[in-house]
Amino acid sequence: MKIGIIKERKNPPDRRVVLSPKKCRKILNKYNDLSIKVESSNDRFFTDEDYRNEGIEVVSDVSDCDVLMGVKEVPIEYLIPNKKYFFFSHTIKKQSHNRKLLQNILSKNIELFDHEVIVNENGQRLVAFGKYAGIVGSYNGFRAFGLKFNMFNLPKAEDLHDQLVLIHELQKLKLPTIKIVITGKGRVAGGAKEMLKGMRMREVTVKEFLNKTFEEPVYVQLGVLDYNRRKDGKLINENDFFINPTEYVSNFMRFAKVADVYMACHFYGEGAPFIFTHDDAKSKDFKIKVIADISCDVDGPVASTIRSSTIADPVYGYNPLTETEVDYRDKNAIAVMAVDNLPCELPKDASEGFGESFAKNVIPSFFNNDKDGVLNRAKMTEKGKLTSRFSYLQNYVDGN
């Protein structure tokens, strides 16, 4: 079997890759029937020479490969018919801007395996960049805090080599006695928490966070039942929240009254209550002045996220009273960091981490007849049609 690592052609160019040079070499050493070619690129963090140094063939044409692997969407004009592709297609939620992409994948008889739907039998994702979104997002949150209050000016994450350097920069900071609240318990929140631990910041309990004052910066990490409550007052369990989200209302304002910084790392499911609304943010009790919305659901559960921001210009201001964008330095503004492609700022670590998971959870399926169903579950298209698992996208493909 021949795998081709394709050049990222979406603009702005993504510097990440599915498999690093060293990971390619390890895979090749394990599977005798495998070959890997890498399409030449000037944009990757890992250079062509890095791959050549590991004995990986770098080419200008990967059309002879059976399976083509990338990170972002492949521009339509570069899709090669009758191939198997792995990349984030951003179509599973019926994103209108990628309808033509999926239409062309079908018309070109391409088998699409979307990274986002590579899951185990319980539906849990096996490969993801979420941890690195949390790492970069939390760093950017502190950077936004420094800019908002003119206290310090951290270098941009994209200009630093890896997570250890990011942590080193954060360790230099002399922060005031701020309180930071994190929502979420998954990969994204785990990445953010790694950074706070790296800074040696103290984690406190919900009760302590709400009721005590501290002489040092502290943070609290919240699960869904910490910032939501049932309308009938019953306390059941987290599973009940995920099954019956409409039976809950937000209980986040009790944290907004005492927190200075909010790092949103949660997954927001359909039907769940908004974490805080525009009206909540208008309250004189709403104390938060810096929000790193790492989850970045525009016009969603975090009211201040009225648009996504960019790596080039990551922070904007939200005026709660007018519900409009303003200069983040305005005294009435909440500084909002809502970059929607955060792992791009940490291409080395993100690529190595993603590749580790991909090599462990996906590559074996090519050689064991997909005995665990990993490839079957992730296959969105086959023989010019949607697979049964993704038949719900037919109306979307038809333009309805």
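Taken together, the values in this text are just the output of simple stated rules run on the coordinates, not laboratory data. None of the values given here were measured: they were computed from a predicted structure. Every residue, glycine among them, receives a Cβ derived from its backbone with ideal geometry; neighbour counts consider all protein chains shown.
Of all GluC sites (Glu not before Pro) in the stretch 102-141, which ones are in loop regions per DSSP and have a Cβ with at most 14 other Cβ atoms within 10 Å? Working shown, then result.
Numbers: sites: E111, E116, E121; in loops: E121.
When the GluC sites (Glu not before Pro) of the stretch 102-141 are filtered for loop state and at most 14 Cβ neighbours within 10 Å, E121 remain.
I want to make sure I understand the PRE zone here: with the label point 7 angstrom from the Cα of E270 toward its beta carbon, which residues in the stretch 363-400 have backbone N atoms less than 12 Å away?
392-393
Helix-derived [θ] at 222 nm for the chain: sum -39500 (n - 2.57) over DSSP H runs of at least 4, divide by residue count, nearest 500? Mind showing how you got there, number by number?
Details: 14 runs with 114 residues, N = 400.
Value at 222 nm, helices only: -7500 deg cm²/dmol.
May I ask you to list the trypsin sites (Lys or Arg not before Pro) in the stretch 328-366 that are in a DSSP loop and have at most 10 other Cβ atoms within 10 Å of their Cβ?
K331
So what's the net charge close to N122: Lys and Arg +1, Asp and Glu -1, counting the other residues with Cβ under 12 Å from its Cβ?
Here the charged neighbours net out to 0.
Given 0.36 nm per residue, what is the gain on full extension from H168 to D66 after removing their alpha carbon distance, in nm?
Values: separation 102, 0.36 × 102 = 36.72 nm, distance 4.27 nm.
My answer for the length gained is 32.5 nm.
If we count every other residue with Cβ under 13 angstrom of P155's Cβ, Lys/Arg +1 and Asp/Glu -1, where does the sum land? Don't skip to the answer; put the middle values down first.
Details: positive: R143, K156, K172; negative: E158, D159, E169, E345.
Here the charged neighbours net out to -1.
So which of K131/K348; K185/K287; K197/K282; K172/K287; K2/K26; K72/K131 end up more than 21 Å apart, counting from Cα to Cα? Please report the intermediate quantities before stating the final value.
Details: K131/K348 13 Å; K185/K287 23 Å; K197/K282 32 Å; K172/K287 26 Å; K2/K26 15 Å; K72/K131 17 Å.
Table pairs above 21 Å Cα-Cα are K185/K287; K197/K282; K172/K287.
Compute the whole-percent fraction of alpha carbon pairs in the chain spaced more than 34 Å apart. Numbers along the way, then the final one.
Numbers: 27664 of 79800 pairs.
For the chain, the share of Cα pairs beyond 34 Å comes to 35 percent.
In the stretch 238-335, what is the volume of the convex hull around the alpha carbon atoms, normalised per residue and reported in Å³? Kindly include the intermediate steps, with their values, before the conclusion.
On the way: hull volume 9.7 nm³, N = 98.
Per-residue hull volume (Cα only) is 99 Å³.
Quick one: net charge of T387's neighbours, Cβ under 12 Å, K/R +1, D/E -1? Let's see the in-between values first.
Values: positive: R377, K379, K383, K385, R389; negative: E111, D114, E382.
For residues surrounding T387, the net value is +2.
Set the Förster radius R0 to 51 Å, insert the Cβ-Cβ distance between R200 and N400 as r into 1/(1 + (r/R0)^6), and round the FRET efficiency to 0.05. Don't skip to the end; give the middle numbers.
Details: r = 54 Å, r/R0 = 1.06.
So, using R0 = 51 Å, E works out to roughly 0.40.
Once R0 is set to 35 Å, what does the formula 1/(1 + (r/R0)^6) return for the Cβ-Cβ distance between D299 and T213, expressed as a FRET efficiency to the nearest 0.05? Walk me through the numbers before you get to the answer.
On the way: r = 35 Å, r/R0 = 1.00.
That gives a FRET efficiency of 0.50.
Between K371 and N150, with labels modelled 7 Å along Cα→Cβ, what's the label distance in nm to one decimal, could you check?
It is 6.6 nm.
DSSP loop (so not H, G, I, E, B), at most 12 other Cβ within 10 Å: list which trypsin sites (Lys or Arg not before Pro) in the stretch 224-317 pass both filters.
Details: sites: R229, R230, K231, K234, R254, K257, K282, K284, K287, K289, R307; in loops: K231, K234, K257, K284, K287, K289, R307.
Passing sites in the stretch 224-317 are K231, K234, K284.
Can you give the percent of C-alpha pairs in the stretch 1-107 whose distance is more than 25 Å? All intermediate terms of the calculation are to be shown ahead of the outcome.
Values: 1189 of 5671 pairs.
Above the 25 Å cut-off, the stretch 1-107 has 21 percent of its Cα pairs.
Which distance in nm do the two modelled labels at N104 and F242 give, with both placed 7 Å along the Cα-to-Cβ direction?
It is 3.6 nm.
If you count, for each residue, the other Cβ atoms within 10 Å and average over each peptide, how do 332-343, 81-92 line up from highest to lowest?
On the way: 332-343: 23.5, 81-92: 18.4.
Going by the mean number of other Cβ atoms within 10 Å, highest first, we get 332-343, 81-92.
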